[in-house]
Amino acid sequence: MVVYSPGRANLIGEHTDYNDGYILPFAIRRYIKFEIEPAKKFKIFSHQQKKGIEFEKPAKTNSWADYVIGMIVKLQEHGYKVEPFTLNIDSDLPMGAGLSSSAALEVGTGYAISQMMGYEINREELANIAHECEVEFVGVRCGIMDQYAVALSKEHHALFIDTMTREYKYVPLHLDDTKLYLINSGVKHELGSSEYNKRREECEMALEVMKKTTFRDVTIEDVEKIQDHLLKRRALHVVTENERVLKTLSALEDDNLTLVGKYLYESHYSLKDNYEVSCEEIDFLIEKLREYSNVLGARIVGAGFGGSIIVLARGNFEGIFERVAESYKIKFGITPTLLNVETSEGVHRV
Ligand code: GLA
């Protein structure tokens, strides 16, 4: 049996998913592919890693295989028996590009196992189990965005999620002659995961200073009163980013893509200046893109510190990309790559 598990991008709503905020991600047509069949013991092989692993009892390995092993463990904890299997993993989803290959691996493994075992696990439950796997087994304190997007997305739609209640709705993306692109900067800064956890702590500290228990109750006036400049900027990002997600929803409803683009740029500058999760290479790409009026908006995507940017542009963007890529290569010696975004349904069987 073959299962496809997509990567994800996020239109807007960055670093809000662990702050009870709003997000607007969608799945992209780049997949991790799983071939699964029952076997006498567990055998997992990854074509990208060019490595396999065999075991009878699942246990942590501190390697890529933990995303798969963690799903076996978590499914069992949730009362789902998992019989041994052979799992072959292949992928055209770039890793380390901020497109959530880890969530694709977790959700895809969970879905493949459920299909093999004949379980009807609903997609929210699958996303929640995969999120538990990432936080408790792999040990990354991420929010719910990636696993929800991979499990629940629908073609031609973005997924609006209120991460406080985990309620969601599908938002049609009518883009016409305007298109979304992803540019992989080709850089990934090592600091990424420790800085991510630091941002979470800073947000918790900001809440404490404001004497609030959730960002949902925080207003701009509350933020203005914070004395500490760093905490103030972190909180300012969260509050304004949530507002931008809601404004983007209205702009999409009105088919006002120029306005959507403006919010993307605003989001980027807030991530850069207030949340400080951008980097020199990404900022260079954004500034170069701003020189073109056909580019309606762009911003860094995902956790940050490298990875990809999302671009909303009309007309012939490939030509613009080539020029921007050329100056990027001259400055940093790295060739960025362009991905034409097509939305995808969430994890599925073929
Ligand atoms: C990573 C995390 C997500 C989310 C983003 C930032 O992708 O896995 O949960 O926090 O960063 O928006």
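The values are calculated or read from the model by the stated rules, or taken from the named source; none is laboratory data. Source: prediction; values computed, not measured. Ideal geometry is used to build each Cβ from the backbone, glycine not excepted, and the neighbour counts take in all protein chains shown. With ligands, DNA and RNA removed, areas are computed over all heavy atoms of the protein, side chains included. Shrake-Rupley method; radii C 1.70, N 1.55, O 1.52, S 1.80 Å.
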query = Which helices (runs of 4 or more DSSP H) sit wholly inside the stretch 128-238 and have at least 3 residues that are within 14 Å of the ligand (Cβ to nearest atom) and outside the structural domain of residue 102 (by TED's automatic domain parsing)?
reply = 192-210
inquiry  = Return the residues of the stretch 273-317 that are at positive phi, open to solvent by 10 Å² or more (accessible area, probe 1.4 Å) and under 22 Å from the mean Cα position of the chain (by Cα); say none if nothing qualifies.
reply    = 276, 304, 305
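Here is a list: 241, 221. Which entry is touching a Leu at 6+ places or on another chain (Cβ under 9 Å) and either crowded, with 18+ Cβ neighbours inside 10 Å or modelled with pLDDT of 95 or more (or both)? Quick ask: steps written out before the conclusion?
Values: 221 fails: touching a Leu at 6+ places or on another chain (Cβ under 9 Å).
241 is the lone residue from the list that is touching a Leu at 6+ places or on another chain (Cβ under 9 Å) and either crowded, with 18+ Cβ neighbours inside 10 Å or modelled with pLDDT of 95 or more (or both).
How many residues are of a type in the set (A, V, I, L, M, F, W, C), within 16 Å of the ligand (Cβ to nearest atom) and touching a Ser or Thr at 6+ places or on another chain (Cβ under 7 Å) if we restrict to the stretch 83-104?
Looking only at that region, the number is 5.
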request  = Return only the number of the condition from (1) among the small types (Gly, Ala, Ser); (2) open to solvent by 10 Å² or more (accessible area, probe 1.4 Å); (3) within 16 Å of the ligand (Cβ to nearest atom) that residue 70 does not satisfy.
outcome  = (2)
message = So the check is Cβ under 8 Å with 6+ separation or different chains; which pairs have a first residue in the stretch 145-170 that's touching a residue at least 24 places away in the same chain (Cβ under 8 Å) and over 13 Å from residue 28 (Cα atoms) and a second one that's of a type in the set (Ser, Thr, Tyr) and in a loop (DSSP other than H, G, I, E, B)?
response = 145/163; 163/16; 163/18; 164/214
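Right, residue 231: hydrophobic (A, V, I, L, M, F, W, C), under 21 Å from residue 17 (Cβ atoms), under 22 Å from the mean Cα position of the chain (by Cα) and surrounded by 14 or more Cβ atoms within 10 Å (Cβ to Cβ) or not?
On the way: hydrophobic (A, V, I, L, M, F, W, C): yes; under 21 Å from residue 17 (Cβ atoms): yes; under 22 Å from the mean Cα position of the chain (by Cα): no; surrounded by 14 or more Cβ atoms within 10 Å (Cβ to Cβ): yes.
Answer is no for this residue.
Can you find a residue that is modelled with pLDDT of 95 or more and closer than 15 Å to residue 105 by Cα anywhere in the stretch 152-168?
Initially, the stretch 152-168 is screened for residues modelled with pLDDT of 95 or more, giving 152-168.
Narrowing the set further to residues that are closer than 15 Å to residue 105 by Cα leaves 152.
Yes - at least one qualifying residue is present in the stretch 152-168.
Given the residues 80, 111, 31, which is the only one that is aromatic (Phe, Trp, Tyr), buried (at least 24 other Cβ atoms within 10 Å of the Cβ) and more than 16 Å from the ligand (Cβ to nearest atom)? Full working, then the answer.
Working: 80 fails: buried (at least 24 other Cβ atoms within 10 Å of the Cβ); 31 fails: buried (at least 24 other Cβ atoms within 10 Å of the Cβ).
When all the criteria are applied, what remains is 111.
Every residue, every condition in (1) at pLDDT below 95; (2) within 16 Å of the ligand (Cβ to nearest atom); (3) in a helix (DSSP H, G or I); (4) in contact with a His (Cβ under 9 Å, 6 or more places away or on another chain), yes or no:
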site	(1), (2), (3), (4)
4	no, no, no, yes
27	no, yes, no, no
40	no, no, no, no
63	yes, no, no, no
query = Checking residue 304 against (1) touching a Leu at 6+ places or on another chain (Cβ under 7 Å); (2) within 19 Å of residue 178 (Cβ to Cβ), which test does it fail?
reply = (2)
message = Tell me yes or no: at least one residue of the stretch 281-301 is out of contact with any Leu (no Cβ under 6 Å at 6 or more places or on another chain), within 16 Å of the ligand (Cβ to nearest atom) and assigned to a loop (DSSP other than H, G, I, E, B).
response = yes
ask   = Which of the residues spanning the stretch 255-272 are over 18 Å from residue 193 (Cα atoms), open to solvent by 20 Å² or more (accessible area, probe 1.4 Å) and free of Cβ contacts under 8 Å to residues at least 60 places away in the same chain?
value = 256, 258, 259, 262, 265, 266, 269
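Take residue 346 and tell me if it is small (Gly, Ala, Ser) and part of a strand (DSSP E or B). Lay out the reasoning, then the answer.
Details: small (Gly, Ala, Ser): yes; part of a strand (DSSP E or B): no.
Here the answer is no, as residue 346 does not meet what is asked.
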